Amino acid sequence: MGRILCATRGGEASYHTQDAAIALAKEQGDELIFLYVADSSFLNQTAAPLVVDIESRLVKMGEFLLLMAQERAAAQGVSAQTIVREGKLRAELVGAARELKVDLIVLGRPVDRHEQAIFDEMALRAFATSLQAVTGAEVRIL
């Protein structure tokens, strides 16, 4: 039995990736872990008390979104763990993958509300290749 780490932003736009990770875990009998990274670095120019408040709200939102993902997995017969981390996505994803000794990292193809890709496909593939090299885990973009 292996471990699958599914990085998710949560919400409806992430359902496809979550469902694919759930199906993989079910099919392979693997443990499933959903990861949400609360990154408040975009607030660098804001007053400190406001940043602390927004950081805590991002974490709470992440916890809620992961609870929804966990419930989606349970509805399909898969038990899933959830982890919320604060920081930069790449660093937290690498850290979690190493600490949890995962075999597979699942990434989605984020889109905006008009179904347009948020990230350039080449950049996303380069990110996945870099993650695989650093963590030793297989990385799939679904």
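The values are calculated or read from the model by the stated rules, or taken from the named source; none is laboratory data. These figures come from a predicted structure and were not determined experimentally. As a convention, Cβ positions derive from the backbone with ideal geometry for all residues, glycine included, and neighbour counts pool all protein chains shown. Surface areas here come from the heavy atoms of the whole protein model, side chains and all, with no ligands, DNA or RNA. Shrake-Rupley method; radii C 1.70, N 1.55, O 1.52, S 1.80 Å.
Summary of values
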{"read-out": "Order of exposure, largest accessible area first, which applies to Asp120, Asp30, Asp39 with probe 1.4 Å", "value": "Asp120, Asp39, Asp30"}
{"read-out": "Point-to-point label distance, Leu142-Arg109, nm (Cα→Cβ direction, 7 Å offset)", "value": "1.5 nm"}
{"read-out": "Solvent exposure ordering (accessible area, 1.4 Å, most first) of Met68, Met122, Met1", "value": "Met1, Met122, Met68"}
{"read-out": "For Arg90, solvent-accessible area (1.4 Å; no DNA, RNA or ligand), Å²", "value": "100 Å²"}
{"read-out": "Computed lengthening from Arg9 to Lys101, 0.36 nm per intervening residue step minus Cα-Cα distance", "value": "31.0 nm"}
{"read-out": "For the chain, diffusion coefficient by Stokes-Einstein and Kirkwood Rh (Cα), 4 °C, 1.567 mPa s, µm²/s", "value": "83 µm²/s"}
{"read-out": "His16/Arg90 FRET efficiency (R0 30 Å; Cβ-Cβ; nearest 0.05)", "value": "0.85"}
